[in-house]
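Here's the structure, in structure tokens; my notes come after.
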Amino acid sequence: MARMSAEERRESVIRAAITEFARGGYNGTSTEAIAKRVGVSQPYLFRLFKNKRELFLAAAMRCLEETPAAFADALEVRPDSSPLEAMAAAYMTLIDDRDKLLMQMQMYVAVASAEAAGDHEFGERIRAGWARIWDQANIAFAGDGKETADFLGCGMLINVLVALGFPEDHRVWSGLGMSELKVAKGPQVSGVSEVSEASGG
């Protein structure tokens with residue numbers, strides 16, 4: 001079996017960090033758990049990332065970078081769809097990965113906690129990454145700030161409903177056009193069915 005390069009190992013560590021931080025949060029996740037998931041020693045982990053903070057930021061930025069990339073791909077692949085339909089379907093596919101959804105939620109908690117403690121630097125890169133998501137959506141909506149806000153607001157609501165495990169037939173989904181998104185994306189939307197089954201819903 002061929003040995004992984006340093007870049008491949010780094011990629012494995014970022015993926016493992018997303019999973020561990022998504023489930024345990026910044027403060028509740030140890031670098032030991034991440035190293036164990038990858039199958040490397042902690043000293044090797046710290047050769048790739050100097051500390052837990054840097055590793056968390058790398059995991060956070062990976063999730064933030066994937067969203068505007070998914071929007072851009074969707075707009076290119078589905079030129080006949082409206083920007084809302086194309087980007088919404090792309091986002092639903094993206095958060096089918098529950099760890100990425102929960103990592104996103106953990107980012108907000110980590111930044112808010114850092115801000116409360118007086119650490120304003122921690123959230124700078126995460127805020128910049130989120131702003132790029134807004135910029136990508138705003139360009140797609142031809143600079144219409146209200147459409148951009150409505151789209152991203154619905155996305156945040158979907159994040160909450162999926163994270164809380166609401167089954168897709170629950171009344172809280174009304175008004176979100178889930179049936180249209182199912183047609184656009186496929187039979188399963190944003191992990192709702194999977195979450196519902198896991199929660200006994």
For this session: In a Gaussian network model over the chain where Cα atoms closer than 10 Å are linked, find which of Arg23, Arg125, Arg171 has the largest mean-square fluctuation.
Result: Arg171
Problem set entry | Relative contact order for the chain, counting Cα pairs under 8 Å that sit 6 or more residues apart, in percent | 22 percent
Exercise. Rounded to a whole number, what % of the accessible area of the chain do carbon and sulfur atoms account for, probe 1.4 Å?
Worked result: 54 percent
Seminar exercise, completed: Rounded to the nearest Å, the spacing of the alpha-carbon centers of segment 4-77 and segment 133-174 is 25 Å
Problem set entry | Å² per residue, accessible surface of the chain at 1.4 Å | 54 Å²
Problem set entry | Whole-Å semi-axes of the chain's equivalent ellipsoid (Cα gyration tensor) | 30, 19, 18
Exercise. What helices does the chain hold that run 15 Å or longer along their axis, going by alpha-carbon atoms, with a Kyte-Doolittle average of 0.0 or more, using DSSP H for the helix calls?
Worked result: 52-77, 83-94, 98-116, 145-164
Exercise. Hey, what D do you get for segment 105-180 in µm²/s if you plug the Kirkwood alpha-carbon radius into Stokes-Einstein at 4 °C and 1.567 mPa s?
Worked result: 90 µm²/s
For this session: Go through segment 165-175 residue by residue and turn each phi into a ³J(HN,Hα) via Karplus (6.51, -1.76, 1.60, θ = phi - 60°); whole Hz please, and just put x for glycine and proline.
Result: x, 5, x, 5, 9, 6, 4, 5, 8, 4, x
Problem set entry | Computed label-point distance, nm, for sites Trp134 and Ser12 using a 7 Å Cα→Cβ extension | 3.9 nm
Exercise. Per 10 Å bin, what percent of the C-alpha pairs of segment 1-95 does each bin hold, from zero upward?
Worked result: 16, 38, 24, 18, 5, 0
Seminar exercise, completed: Charge tally for neighbours of Pro68 with beta carbon under 11 Å away, counting Lys, Arg as +1 and Asp, Glu as -1, is -3
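The values are calculated or read from the model by the stated rules, or taken from the named source; none is laboratory data. Everything numeric here is computed off the predicted structure, so don't read it as measured data. Don't worry about glycine lacking a Cβ; one is built from the backbone with ideal geometry, like all the others, and counts go over all protein chains shown. Only protein heavy atoms, including side chains, enter the accessible area calculation; ligands, DNA and RNA are left aside. Shrake-Rupley method; radii C 1.70, N 1.55, O 1.52, S 1.80 Å.
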